[in-house]
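The structure appears right after this line, and notes come after that.
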Amino acid sequence: MKKIVFRDHDDLYRHAADLFAQQADLAIQRAGRFVVLLSGGETPLPLYRRLTQDPWRSQIDWKNVFVGWSDERCVPLTHEASNFRTANETLLSHVPIPDDHVFRIDGEGDPALEALAYETQLQTVLGQESGADLALLGLGTDGHTASLFPANPALQEDEHWFVPVHIPEMAQPWRITATLPMLNRSRKVVFLVTGQEKTYALARIRNGMMLPASLVRPQNGNAVWLVDQASSSQSEKNP
Ligand code: 6PG
(Lines give C-alpha, C1' and ligand atoms only; values in the text may rest on other atoms or scores of the structure.)
Protein backbone atom coordinates (compact mmCIF):
# COMPACT_ATOMS: atom_id res chain seq x y z
CA MET A 1 0.00 0.00 0.00
CA LYS A 2 1.83 3.06 -1.29
CA LYS A 3 0.69 5.89 1.00
CA ILE A 4 1.80 9.51 0.98
CA VAL A 5 0.81 11.56 4.03
CA PHE A 6 0.43 15.31 3.51
CA ARG A 7 0.72 17.91 6.24
CA ASP A 8 -1.91 20.10 4.67
CA HIS A 9 -4.64 19.88 2.07
CA ASP A 10 -2.98 22.40 -0.22
CA ASP A 11 -0.01 20.06 -0.68
CA LEU A 12 -2.26 17.01 -1.02
CA TYR A 13 -4.47 18.45 -3.73
CA ARG A 14 -1.53 20.04 -5.56
CA HIS A 15 0.12 16.64 -5.69
CA ALA A 16 -3.14 15.05 -6.83
CA ALA A 17 -3.54 17.63 -9.60
CA ASP A 18 0.05 17.05 -10.71
CA LEU A 19 -0.58 13.29 -10.80
CA PHE A 20 -3.78 13.78 -12.83
CA ALA A 21 -1.97 16.01 -15.37
CA GLN A 22 0.97 13.60 -15.58
CA GLN A 23 -1.28 10.58 -16.18
CA ALA A 24 -3.21 12.53 -18.80
CA ASP A 25 -0.02 13.46 -20.61
CA LEU A 26 1.34 9.90 -20.52
CA ALA A 27 -1.93 8.40 -21.77
CA ILE A 28 -2.39 10.92 -24.57
CA GLN A 29 1.21 10.39 -25.70
CA ARG A 30 0.70 6.62 -25.58
CA ALA A 31 -2.80 6.24 -26.99
CA GLY A 32 -4.01 9.64 -28.10
CA ARG A 33 -6.60 9.78 -25.30
CA PHE A 34 -6.87 9.82 -21.51
CA VAL A 35 -9.75 7.97 -19.86
CA VAL A 36 -10.39 8.83 -16.23
CA LEU A 37 -13.04 7.50 -13.84
CA LEU A 38 -14.02 10.25 -11.42
CA SER A 39 -14.88 9.51 -7.82
CA GLY A 40 -18.02 10.67 -6.09
CA GLY A 41 -18.29 12.12 -2.60
CA GLU A 42 -16.83 15.34 -1.21
CA THR A 43 -13.12 14.51 -0.94
CA PRO A 44 -12.20 14.89 -4.65
CA LEU A 45 -14.03 18.22 -5.12
CA PRO A 46 -11.00 20.42 -4.19
CA LEU A 47 -9.01 18.45 -6.79
CA TYR A 48 -11.67 19.03 -9.45
CA ARG A 49 -11.69 22.76 -8.69
CA ARG A 50 -7.90 22.89 -8.81
CA LEU A 51 -7.84 21.27 -12.26
CA THR A 52 -9.83 24.22 -13.63
CA GLN A 53 -6.97 26.55 -12.64
CA ASP A 54 -3.50 26.98 -14.13
CA PRO A 55 -0.99 25.44 -14.39
CA TRP A 56 -3.13 22.30 -14.62
CA ARG A 57 -5.91 23.71 -16.81
CA SER A 58 -3.46 24.71 -19.55
CA GLN A 59 -1.23 21.64 -19.07
CA ILE A 60 -4.02 19.14 -19.77
CA ASP A 61 -5.06 18.44 -23.38
CA TRP A 62 -8.77 18.44 -22.50
CA LYS A 63 -9.98 17.71 -26.08
CA ASN A 64 -8.45 14.22 -25.70
CA VAL A 65 -9.80 13.55 -22.22
CA PHE A 66 -12.70 11.10 -21.72
CA VAL A 67 -14.52 11.08 -18.38
CA GLY A 68 -16.54 8.36 -16.67
CA TRP A 69 -17.44 7.67 -13.04
CA SER A 70 -16.51 4.85 -10.67
CA ASP A 71 -20.02 5.01 -9.31
CA GLU A 72 -23.24 7.00 -9.28
CA ARG A 73 -26.22 7.26 -7.05
CA CYS A 74 -29.53 6.47 -8.76
CA VAL A 75 -30.92 9.99 -8.59
CA PRO A 76 -31.71 12.66 -11.21
CA LEU A 77 -28.64 14.47 -12.54
CA THR A 78 -29.81 17.67 -10.83
CA HIS A 79 -30.13 15.96 -7.44
CA GLU A 80 -27.72 17.18 -4.76
CA ALA A 81 -26.44 13.60 -4.32
CA SER A 82 -25.58 13.17 -8.01
CA ASN A 83 -21.88 12.53 -8.56
CA PHE A 84 -22.31 13.84 -12.09
CA ARG A 85 -23.77 17.11 -10.79
CA THR A 86 -20.94 17.78 -8.35
CA ALA A 87 -18.22 16.94 -10.89
CA ASN A 88 -19.98 19.02 -13.56
CA GLU A 89 -20.27 22.02 -11.25
CA THR A 90 -16.67 21.86 -9.98
CA LEU A 91 -14.82 20.67 -13.09
CA LEU A 92 -16.55 19.66 -16.30
CA SER A 93 -18.43 22.89 -16.97
CA HIS A 94 -15.17 24.85 -16.57
CA VAL A 95 -12.83 22.98 -18.93
CA PRO A 96 -13.07 22.34 -22.72
CA ILE A 97 -13.87 18.62 -22.66
CA PRO A 98 -16.06 17.78 -25.69
CA ASP A 99 -19.60 16.93 -24.50
CA ASP A 100 -19.47 13.53 -26.21
CA HIS A 101 -16.38 12.65 -24.16
CA VAL A 102 -18.37 12.75 -20.91
CA PHE A 103 -19.93 9.37 -20.13
CA ARG A 104 -22.54 9.96 -17.45
CA ILE A 105 -24.06 7.04 -15.57
CA ASP A 106 -27.80 7.51 -16.04
CA GLY A 107 -29.11 7.44 -12.48
CA GLU A 108 -32.73 7.82 -13.49
CA GLY A 109 -33.13 4.56 -15.38
CA ASP A 110 -33.47 0.97 -14.25
CA PRO A 111 -30.21 0.33 -12.32
CA ALA A 112 -29.58 -3.12 -13.82
CA LEU A 113 -30.25 -1.96 -17.39
CA GLU A 114 -28.20 1.20 -16.94
CA ALA A 115 -25.23 -0.71 -15.50
CA LEU A 116 -25.21 -2.90 -18.62
CA ALA A 117 -25.66 0.06 -20.95
CA TYR A 118 -22.88 1.96 -19.21
CA GLU A 119 -20.32 -0.80 -19.48
CA THR A 120 -21.16 -1.15 -23.18
CA GLN A 121 -20.64 2.59 -23.63
CA LEU A 122 -17.23 2.51 -21.92
CA GLN A 123 -16.22 -0.56 -23.91
CA THR A 124 -16.64 1.47 -27.10
CA VAL A 125 -13.88 3.75 -25.86
CA LEU A 126 -11.68 1.30 -23.99
CA GLY A 127 -12.19 -1.89 -25.98
CA GLN A 128 -13.07 -5.16 -24.24
CA GLU A 129 -9.87 -5.66 -22.31
CA SER A 130 -8.26 -2.48 -21.10
CA GLY A 131 -9.30 -0.29 -18.22
CA ALA A 132 -9.23 3.39 -17.47
CA ASP A 133 -5.92 5.20 -17.51
CA LEU A 134 -6.72 6.61 -14.08
CA ALA A 135 -9.36 5.75 -11.47
CA LEU A 136 -9.87 8.28 -8.68
CA LEU A 137 -11.37 6.70 -5.56
CA GLY A 138 -12.41 7.73 -2.07
CA LEU A 139 -12.78 5.79 1.15
CA GLY A 140 -15.88 5.46 3.28
CA THR A 141 -15.66 5.21 7.06
CA ASP A 142 -16.63 1.52 6.72
CA GLY A 143 -13.89 0.87 4.19
CA HIS A 144 -16.11 1.06 1.12
CA THR A 145 -14.91 2.58 -2.12
CA ALA A 146 -16.97 3.55 -5.15
CA SER A 147 -20.21 1.81 -4.14
CA LEU A 148 -18.51 -1.42 -3.16
CA PHE A 149 -19.66 -1.86 0.43
CA PRO A 150 -18.53 -4.50 2.95
CA ALA A 151 -20.24 -7.89 2.50
CA ASN A 152 -22.12 -6.65 -0.57
CA PRO A 153 -22.60 -9.22 -3.38
CA ALA A 154 -21.15 -6.68 -5.85
CA LEU A 155 -17.74 -7.54 -4.37
CA GLN A 156 -18.04 -11.02 -5.84
CA GLU A 157 -18.73 -9.85 -9.40
CA ASP A 158 -15.93 -11.18 -11.59
CA GLU A 159 -17.21 -10.49 -15.09
CA HIS A 160 -19.21 -7.28 -15.50
CA TRP A 161 -17.58 -3.87 -15.42
CA PHE A 162 -20.50 -2.16 -13.67
CA VAL A 163 -23.31 -3.55 -11.54
CA PRO A 164 -26.31 -2.17 -9.65
CA VAL A 165 -26.09 -2.26 -5.85
CA HIS A 166 -28.80 -1.83 -3.25
CA ILE A 167 -27.75 -0.51 0.14
CA PRO A 168 -30.99 -0.08 2.11
CA GLU A 169 -29.34 1.90 4.92
CA MET A 170 -28.08 4.61 2.56
CA ALA A 171 -30.02 7.77 1.79
CA GLN A 172 -29.76 6.85 -1.90
CA PRO A 173 -30.21 3.07 -1.61
CA TRP A 174 -29.75 2.24 -5.32
CA ARG A 175 -26.39 2.89 -6.92
CA ILE A 176 -24.38 1.75 -9.92
CA THR A 177 -20.75 0.89 -9.24
CA ALA A 178 -17.61 -0.15 -11.02
CA THR A 179 -16.63 -3.67 -10.00
CA LEU A 180 -13.27 -4.87 -8.71
CA PRO A 181 -12.31 -6.35 -12.12
CA MET A 182 -13.06 -2.97 -13.69
CA LEU A 183 -11.11 -0.95 -11.12
CA ASN A 184 -8.22 -3.41 -11.08
CA ARG A 185 -7.78 -3.03 -14.84
CA SER A 186 -7.00 0.66 -14.37
CA ARG A 187 -3.47 1.66 -15.29
CA LYS A 188 -3.32 3.77 -12.13
CA VAL A 189 -5.55 4.12 -9.08
CA VAL A 190 -5.35 7.15 -6.81
CA PHE A 191 -7.20 7.12 -3.49
CA LEU A 192 -7.91 10.51 -1.89
CA VAL A 193 -8.56 10.27 1.86
CA THR A 194 -8.97 13.16 4.28
CA GLY A 195 -10.49 13.69 7.70
CA GLN A 196 -10.28 12.16 11.12
CA GLU A 197 -13.43 10.12 10.49
CA LYS A 198 -11.45 7.95 8.04
CA THR A 199 -8.69 7.07 10.53
CA TYR A 200 -10.18 3.77 11.65
CA ALA A 201 -10.89 2.50 8.14
CA LEU A 202 -7.43 3.52 6.96
CA ALA A 203 -5.76 1.85 9.95
CA ARG A 204 -7.68 -1.39 9.37
CA ILE A 205 -6.64 -1.40 5.73
CA ARG A 206 -3.04 -0.71 6.66
CA ASN A 207 -3.24 -3.61 9.13
CA GLY A 208 -4.29 -5.94 6.33
CA MET A 209 -8.04 -6.14 6.87
CA MET A 210 -9.86 -7.14 3.68
CA LEU A 211 -12.17 -4.15 3.33
CA PRO A 212 -13.55 -3.30 -0.14
CA ALA A 213 -11.00 -0.52 -0.68
CA SER A 214 -8.11 -2.85 0.11
CA LEU A 215 -9.32 -5.22 -2.62
CA VAL A 216 -8.62 -2.55 -5.24
CA ARG A 217 -5.19 -3.66 -6.42
CA PRO A 218 -4.50 -2.77 -10.05
CA GLN A 219 -2.89 -5.67 -11.90
CA ASN A 220 0.20 -3.53 -12.51
CA GLY A 221 0.32 -2.61 -8.83
CA ASN A 222 0.02 1.05 -9.62
CA ALA A 223 -2.08 2.37 -6.74
CA VAL A 224 -1.27 5.26 -4.46
CA TRP A 225 -3.07 6.61 -1.39
CA LEU A 226 -2.91 10.38 -0.88
CA VAL A 227 -3.97 11.00 2.70
CA ASP A 228 -3.90 13.88 5.16
CA GLN A 229 -2.47 13.67 8.68
CA ALA A 230 -5.93 13.70 10.26
CA SER A 231 -6.95 10.47 8.50
CA SER A 232 -3.58 8.89 8.96
CA SER A 233 -2.95 9.66 12.60
CA GLN A 234 -2.48 6.63 14.78
CA SER A 235 -3.22 8.60 17.90
CA GLU A 236 -6.97 8.56 17.35
CA LYS A 237 -8.61 5.96 19.57
CA ASN A 238 -10.36 3.44 17.32
CA PRO A 239 -14.10 3.28 18.19
C1 6PG B 1 -19.72 7.97 -3.51
C2 6PG B 1 -18.28 7.57 -3.59
C3 6PG B 1 -17.87 6.95 -2.28
C4 6PG B 1 -17.03 8.02 -1.59
C5 6PG B 1 -16.81 7.68 -0.14
C6 6PG B 1 -16.12 8.85 0.58
O7 6PG B 1 -20.40 7.97 -4.55
O8 6PG B 1 -20.13 8.35 -2.41
O9 6PG B 1 -17.96 6.86 -4.65
O10 6PG B 1 -17.15 5.77 -2.39
O11 6PG B 1 -15.77 8.11 -2.26
O12 6PG B 1 -18.06 7.44 0.46
O13 6PG B 1 -16.99 9.95 0.51
P14 6PG B 1 -16.48 11.42 0.97
O15 6PG B 1 -15.39 11.81 0.01
O16 6PG B 1 -17.69 12.31 0.82
O17 6PG B 1 -15.99 11.28 2.39
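Residues in segment 17-50 that are more than 13 Å from the ligand (Cβ to nearest atom) and under 16 Å from the mean Cα position of the chain (by Cα): ALA17, LEU19, PHE20, ALA21, GLN23, ALA24, PHE34, VAL35, VAL36, ARG49. Contact map, segment 206-220: first residue assigned to a loop (DSSP other than H, G, I, E, B), second residue aliphatic (A, V, I, L, M) and surrounded by 13 or more Cβ atoms within 10 Å (Cβ to Cβ), Cβ cut-off under 6 Å, separation 6 or more or different chains; pairs are LEU211/ILE205; VAL216/LEU183; VAL216/VAL189; PRO218/VAL189.
Within the set ARG206, ARG175, the sole residue that is surrounded by fewer than 20 Cβ atoms within 10 Å (Cβ to Cβ) and on the phi < 0 side of the Ramachandran plot turns out to be ARG206.
Within segment 135-178, restricting attention to residues that are assigned to a strand (DSSP E or B) and of a type outside the set (A, V, I, L, M, F, W, C), the residue that is nearest to ALA201 (Cα to Cα) is THR145. The residues in segment 126-144 that are loosely packed, with under 15 Cβ neighbours inside 10 Å, away from the ligand (no atom under 16 Å from the Cβ) and either closer than 21 Å to ALA81 by Cβ or under 18 Å from the mean Cα position of the chain (by Cα) (or both) can be counted, and the count is 1. Residues satisfying the criterion are absent from segment 51-67 (criterion: surrounded by 14 or more Cβ atoms within 10 Å (Cβ to Cβ) and within 13 Å of the ligand (Cβ to nearest atom)). What number goes with the only condition from (1) crowded, with 23+ Cβ neighbours inside 10 Å; (2) aromatic (Phe, Trp, Tyr); (3) in contact (Cβ under 8 Å) with a residue 40 or more places away in the chain that PHE84 does not pass? Failed condition: (3). For beta carbons closer than 6 Å, sequence separation of 6+ or different chains, a first residue in segment 164-185 that is away from the ligand (no atom under 12 Å from the Cβ) and a second that is of a type in the set (A, V, I, L, M) and in a strand (DSSP E or B), the qualifying pairs are PRO164/ILE176; THR179/VAL163. Residues of segment 104-125 that are within 16 Å of the chain's Cα centre (by Cα), within 16 Å of the ligand (Cβ to nearest atom) and not hydroxyl-bearing (Ser, Thr, Tyr): ARG104, ILE105.
Does segment 182-193 contain any residue that is surrounded by fewer than 18 Cβ atoms within 10 Å (Cβ to Cβ), modelled with pLDDT of 95 or more, of a type in the set (S, T, N, Q) and out of contact with any Phe, Trp or Tyr (no Cβ under 8 Å at 6 or more places or on another chain)? No.
The values are calculated or read from the model by the stated rules, or taken from the named source; none is laboratory data. Predicted model, so just to flag it, every value in this text is computed and none were measured. As a convention, Cβ positions derive from the backbone with ideal geometry for all residues, glycine included, and neighbour counts pool all protein chains shown.
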